[in-house]
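Chemist: Have a look at the structure that comes next, please.
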Amino acid sequence: MHRRGGKRIRMDEPPPDYESPMTPAVEHDSYGGYTSNYQDYNEQANSSSDGMFESPPTPGLRRVTRSKARGGSHPQPVYVAPSASPTSSGRGRPRGRPPGRKNHSEGIHHLEDDASLYLTIKNCKASLASIVDDWIENYKLHREQALICLMQFFINAAGCKGRITQQMQSNMEHAAIIRRMTEEFDEESGEYPLIMAGQSWKKFRQNFCEFVQTLVKQCQYSIIYDQFLMDNVISLLTGLSDSQVRAFRHTATLGAMKLMTALVDVALTVSVNLDNTQRQYEAERQKTREKRASDRLESLLGKRQELEENMDEIKNMLTYMFKSVFVHRYRDTLPEIRAIAMTEIGVWMHKFHANFLDDSYLKYIGWTLHDKVGEVRLRCLQALQPLYASEELKGKLELFTNKFKDRIVAMTLDKEYDVAVQAVKLVISILKHHNEILTDKDCEHVYELVYSSHRAVAQAAGEFLNERLFQPGDIDVGKTKRGKRRLPNTPFIRDLVQFFIESELHEHAAYLVDSLIESNTMMKDWECMTDLLLEEPGPMEEPLDNRQETSLIEIMVCCVRQAATGEAPVGRGPTRKVTSLREIKQAGEDKQKLTEHFIVTLPPLLDKYSADSEKLANLLSIPQYFELDLYTSGRQEGSLQSLLSKLKHIAEVHHEPEVLETCAKTLEILCSEGHSLYTRCDVARSTTIDMIVASYKDAIDDWRNLLLGEETPNADEIFNVVSSLKKVSLFYASHNLNQWNLWGTLFQDVKEIDSSLPAEAIKYSLSSCFYCLLWGLRTLQLTQENGGVTGAGIQELRQSLNEFIEAAQELIRSSPHISIREESYVCLCDLLVVFSDQLYRTAQPLSELICEPDRNLQLLLNEFVQTYVFVPQQEGENDEHHIEGLHKRRNFLAAYCKLIVYNIMPTKAGAEVFKHYVKYYNEYGDIIKATLSKAREINKVNCALTMCLSLNMMFQALGSGGRVTRQHEDFFGLKELAKRFALSFGLDALKNREAITALHRAGILFAVSGGENHEDPTGPPPNLPFLEILTEFTNKLLKPDKKVVLTFLDRRVTTGMPSSRGEDWQPLLMYRNSLVHGETDQVPTTSKRAYGRKRKDPDHDDDHEDDDHEEFPSSLYML
């Protein structure tokens, strides 16, 4: 193929019609008849290259159906054999089926079944190489029959049962044969082998591709040049690839693309042989006349000419198929076909880059990067990946990279995560080989992805970060002040800290660590990190400032956590839940290494940063990830004692909640039973708690003495009592303090509504009492397991529980401080969950402790939720404050919804929450949706009736000021809520049959209730517009149930009065029409009153109710 030297190829963006890829079956001028051979096509390509590459082909978009194709209204491509030219000789003979074929009926081996090749490959009864060898043997004996067998294989592989006969092959062109096969195609089935599911069909797809490539490989030395086999196969596949029948088009395109790939392999082999022959020829020709072998020289010359002709032949085939198939199929309507085209052109460019790695071919990939389907975009990027990974090909990609770099960078934000990952990897390759092309802004786009919620995208961005910022160089890492040489990772960790600070996402260090920990060893270089923190900087070093130290400690602790646990941060878990043995082993080794290092270095770190609460809170969490047995096996008891002493000192002098909470948790981990150091740690814990309790008792006694003396506490005394209660509460959460008998003095301040304690102190007293109850239950459970539980212990805990619940309710009602009301609400909800009927299942003797919320408590909790959760956002509220408040409100709502999910409160208690589903969807939609789902699992009917109750409440709220206006904005909001409720039932109407029917009955009863219409006794009931809301659920009814509901509706309300066709009756007509579903709306006979009421006559009433219950079982309506 001649190079198009000197021409600058335009690589424009795809034309406007690209967004709607072409429909198949496009009329192409060159398909009317192939009046020129491959060489002619090549000449046309050279002569018209300027116009051809201006923009992608824009074919017509006329849709031709199969029936039209059968009628011959659209000409299929025909491969017409040109008449032999007198000057043609040898390989220049025109292509196509030779005219005037003879029917070799004598001595031909007829196959028993023309589909035998397809069945053999489908069933994989023999190796593909042997199948191809058998076919080649048959071809050598009877090539007409073997060709029919091969053509039949492609027809059958498309799912068509049509048969190609010898007569058809002899007398019909391929376009006519394809039309005949189209007529015989199965219209009913939309499936065909390439898209059918199942392991056997997946295997067939692999065998199909492999067969085509093996066939060409086995025929590469002679048969593919015989001007018969390839001409016919290419003609057939070209015609089929332009068919209106999707199965033909898909199968033929795959076959043609794989055929081209196989020909590329042959071309590479020929190219190697040609180079070898040329070398041998030059070596022989340069010999002196005496040593030169003229016959060998002539033989090499002939061989070279033959190989050149073969190469030209293959290039012509490739060029012809590219223009006849690829150019039209890379924009096919079917994304699978477009994906095939992109995959194979990438293979051609990589293997045969001398021919295909050219801007005139690369532009097709560039244009298709904008494809609407993610799989096609992914194939484009995968095709480019090996090209950019090759150093020798970088020069040929320069123009393409300049043109499409922005699009590739933009694809790193693709909505399809697989595409985004591949785009990042491609940008990494561009960074390696075309570094000057990427701007700082391009790199920043990728930098931000290390914080992506998708782990694969984030880790790919981490690799980009490694390539861009953390490449080793000849940098002098320097020495510390005392002469210790810095480790090689020191400059990289400094850069990482600076990157983290500049990214301004200081609460997301765990995500940055997760992005890098598997690809960069510096994330586990504990010595390097602690040296930066502990060692004083050398004379040529710049010391870390306070912000850098804080960031480094945060990153280091996140690295420790992930290295020891092997767990990714929340929201970025691995796709597979099962941890492999290799990962478990790696986590164990990392845990041991970090323990060995931090056992020694942690105490000095705690000493250095003992005054900084933020740094201290992070550092205190490190022992939670230790391999504790290493303290004894490594003879580090001194380090343990030093750590325990520092924990006690921190608990004594610090008052920040984060520090105290982490300190208590770390002490709990160190005191885990079963370790050799338990005894020593338990003694240290008791000493620490003794100190905290003594401090609390002193502070509270001083406070009460002051009040008894009618003195006013000063700021120090207020601080002491609040701080001591805070420590008691935070340590109570992790340690059992019941043996210190604090309930009486703690609860004394909780039950007094007018307590003089500061609000914060009462809040900590509340939480301490809550933990006291939980530890009491835990103690009883352990005692019960050992068989020693007593009734006195249970009664004592029950009394304390009742007292606390009553006091908490009173605080919610009467406390002037919102923080106390919030704490009381959370404690109540959690206690109801802990002391629910699950106690009966787990420990039957403790069933006396079960608490069931009465109606008043349910109303109280619901009132709190409505008051403090469903509140509009305040104007001018800053983002940080808004997010913090939203998080707190979500916790309140979740605490309430748990009571419904665990069946502690009835489902109907959620009606007041469900009605906010649409209005507060962005804030609480996920919580309400999950609650609805769990409620449906408990009881589908009750859940449906609760939905109806929510809609009733909102409807009544709309009508509070008079009649409901159907055009009101709030009414449309109510319809949207009903639509969301209806969608939550899913597609299985049978499974929800009873629930939906019950909902309709309850809705109808509500619609006809509400008293009489005083203005017009024959007018509609006030709640009748509710039927329009109920219409949203009609499509969930089964057909028989629609008739039952319609009968029930007609018995409750009729439409025959003179005024019944007015605007006010439209909801009824709309609802009836949705129930009859297109049937004639027969207006039932009317009664004097337009809607039914309960009759005074008890006999009539009983009969009527019996009928109702026969249609709708009463059990469906009980909440």
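Chemist: Using only the alpha carbons, work out the radius of gyration and Dmax of the stretch 259-385 in angstrom.
Modeler: 19.8, 69
Chemist: Taking the Cβ-Cβ separation of Arg468 and Ile938 as r and a Förster radius of 45 Å, what is the calculated FRET efficiency to the nearest 0.05?
Modeler: 0.25
Chemist: Which residues' amide hydrogens lie under 5 Å from the amide hydrogen of Val1053, considering only partners 5 or more residues apart or on another chain, with H built in the peptide plane?
Modeler: Distant-sequence amide H within range of Val1053: Gly1092.
Chemist: What do you get when you divide the Cα radius of gyration of the stretch 754-820 by 2.2 N^0.38 Å, with N the number of residues?
Modeler: Details: Rg = 14.8 Å, N = 67, 2.2 N^0.38 = 10.9 Å.
Against the empirical 2.2 N^0.38 Å value, I get 1.36 for the stretch 754-820.
Chemist: If the chain between Tyr902 and Glu504 were fully stretched, how many nm would it gain, using 0.36 nm times the residue separation less the Cα-Cα distance? List each step's numbers first, then the result.
Modeler: Details: separation 398, 0.36 × 398 = 143.28 nm, distance 4.07 nm.
Here the answer is 139.2 nm.
Chemist: How big is the shadow of the Cα convex hull of the stretch 205-319, averaged over all directions, in nm²?
Modeler: Over every viewing direction, the Cα hull of the stretch 205-319 projects on average to 7.9 nm².
Chemist: Probe 1.4 Å, all protein chains in place: accessible area of Glu392 in Å², nearest 10?
Modeler: Surface open to solvent at Glu392 totals about 140 Å².
Chemist: Using a 1.4 angstrom probe on the protein heavy atoms only, line up Trp201, Trp348 by accessible area, largest first.
Modeler: Working: Trp201 45, Trp348 0 Å².
In descending accessible area the options line up as Trp201, Trp348.
Chemist: What FRET efficiency do you get for Glu527 and Tyr678 if R0 is 35 Å and r is their Cβ-Cβ distance, rounded to the nearest 0.05?
Modeler: Rounded to the nearest 0.05, the efficiency is 0.70.
Chemist: Next question. Could I have the simple spin-label model distance between Asn741 and Tyr417, label points 7 Å from Cα toward Cβ, reported in nm to one decimal?
Modeler: 5.7 nm
Chemist: Give me the percent of the accessible area of the stretch 627-786 that comes from carbon and sulfur atoms, probe 1.4 Å, all protein chains in place.
Modeler: Details: 3470 of 7460 Å².
C and S fraction of accessible area: 46 percent.
Chemist: At 7 Å along Cα-to-Cβ for each site, give me the label-to-label distance between Asn546 and Leu983 in nm.
Modeler: With each label point 7 Å from Cα toward Cβ, the separation is 5.0 nm.
Chemist: Still on this structure, please answer the following. For the stretch 498-634, what number results from the quotient of the Cα radius of gyration and 2.2 N^0.38 Å?
Modeler: After normalising by residue count via 2.2 N^0.38 Å, the value is 1.08.
Chemist: Given a 1.4 angstrom probe, I'd like the percentage of the accessible area of the stretch 818-894 that is carbon and sulfur, rounded to a whole number.
Modeler: That fraction is 48 percent.
Chemist: On to the next question. Once phi is turned into θ = phi - 60°, what whole-Hz ³J(HN,Hα) does the Karplus curve with 6.51, -1.76 and 1.60 give for every residue of the stretch 518-533, x standing for Gly and Pro?
Modeler: Rounded to whole hertz, the list is 8, 10, 9, 5, 5, 5, 10, 8, 5, 4, 4, 5, 5, 4, 5, 8.
Chemist: Same structure, new question: Hey, which lysines would be in cross-link range of Lys1042, C-alpha to C-alpha under 23 Å, not counting anything within fewer than 8 residues on its own chain?
Modeler: Here the lysines satisfying the reach criterion relative to Lys1042 are Lys940, Lys975, Lys979, Lys991.
Chemist: On the first, second and third principal axes, largest extent first, how far apart are the outermost C-alpha atoms of the stretch 413-516 in Å?
Modeler: Computed over the stretch 413-516, the largest-to-smallest principal extents equal 53, 34, 20 Å.
Chemist: What is the extension gain from Glu711 to Met172, computed as 0.36 nm multiplied by their sequence separation minus the C-alpha to C-alpha distance, in nm to one decimal?
Modeler: Numbers: separation 539, 0.36 × 539 = 194.04 nm, distance 11.51 nm.
Result for the pair: 182.5 nm of gain on full extension.
Chemist: What number results when the radius of gyration of the stretch 268-310, computed over Cα atoms, is divided by 2.2 N^0.38 Å?
Modeler: Taking N as the residue count of the stretch 268-310, the ratio is 1.17.
Chemist: For the stretch 868-923, what mean projected area does the convex hull of the alpha carbons give, in nm²?
Modeler: On the way: hull surface 16.2 nm².
The Cα convex hull of the stretch 868-923, projected and averaged over all directions, gives 4.0 nm².
Chemist: Mind listing the Cα extents of the stretch 348-468 along all three principal axes, in Å, largest one first?
Modeler: Rounded to whole Å, the extents work out to 42, 31, 21 Å.
Chemist: On to the next question. Beyond 15 Å, what share of the Cα-Cα pairs of the stretch 365-424 remains, rounded to the nearest whole percent?
Modeler: Considering the stretch 365-424, 45 percent of its Cα-Cα pairs are separated by more than 15 Å.
Chemist: Turning to a different aspect of this structure: If you average over every viewing direction, what projected area does the convex hull of the Cα atoms of the stretch 627-728 give, in nm²?
Modeler: 6.8 nm²
Chemist: Packing-wise, with mean Cβ within 10 Å as the measure, how do 363-371, 244-252 rank, highest first?
Modeler: Final packing ranking: 244-252, 363-371.
Chemist: Give me the one-decimal nm value for the distance between modelled label points at Asp495 and Glu535, 7 Å along each residue's Cα-to-Cβ direction.
Modeler: That separation, rounded to one decimal, is 1.9 nm.
Chemist: Let me see the P(r) profile for the stretch 434-574: every Cα-Cα distance counted, bins of 5 Å, each bin given as a percent of all pairs.
Modeler: All Cα pairs considered, the percentages come to 2, 9, 20, 22, 20, 14, 9, 4, 1, 0.
Chemist: Okay, moving on. So with the 1.4 Å probe, I'd like the accessible area per residue for the stretch 566-644, rounded to whole Å².
Modeler: 54 Å²
Chemist: Okay, next question. Summarise the accessible area of the stretch 416-491 (1.4 Å probe, protein heavy atoms) by the percent that is carbon and sulfur.
Modeler: 45 percent
Chemist: Using the beta-carbon distance between Glu852 and Gln799 and R0 = 22 Å, what value does 1/(1 + (r/R0)^6) give for FRET efficiency, to the nearest 0.05?
Modeler: For Glu852 and Gln799, the calculated efficiency is 0.80.
Chemist: Below 16 Å, Cα to Cα, which lysines can Lys161 reach? Residues fewer than 8 away in the same chain don't count.
Modeler: Lys161 reaches Lys122.
Chemist: What accessible area per residue comes out for the stretch 189-228, rounded to a whole number of Å², with a 1.4 Å probe?
Modeler: 47 Å²
Chemist: Going highest first, how would you order 843-854, 311-322, 588-599 by mean Cβ packing within 10 Å?
Modeler: 311-322, 588-599, 843-854
Chemist: Students often get this wrong, so check it: of Lys140/Lys258; Lys363/Lys432; Lys372/Lys1036; Lys648/Lys751; Lys441/Lys608, which have C-alpha atoms separated by over 30 Å?
Modeler: Violating the 30 Å limit, Cα to Cα: Lys372/Lys1036; Lys648/Lys751; Lys441/Lys608.
The values are calculated or read from the model by the stated rules, or taken from the named source; none is laboratory data. It should be emphasised that the depicted structure is a prediction, and the values quoted were computed from it without experimental measurement. Neighbour counts are summed over all protein chains in view; Cβ atoms, including those assigned to glycine, are modelled from backbone coordinates with ideal geometry. Remember, those area values only see protein heavy atoms, side chains included, never the ligands or the DNA or RNA. Shrake-Rupley method; radii C 1.70, N 1.55, O 1.52, S 1.80 Å.
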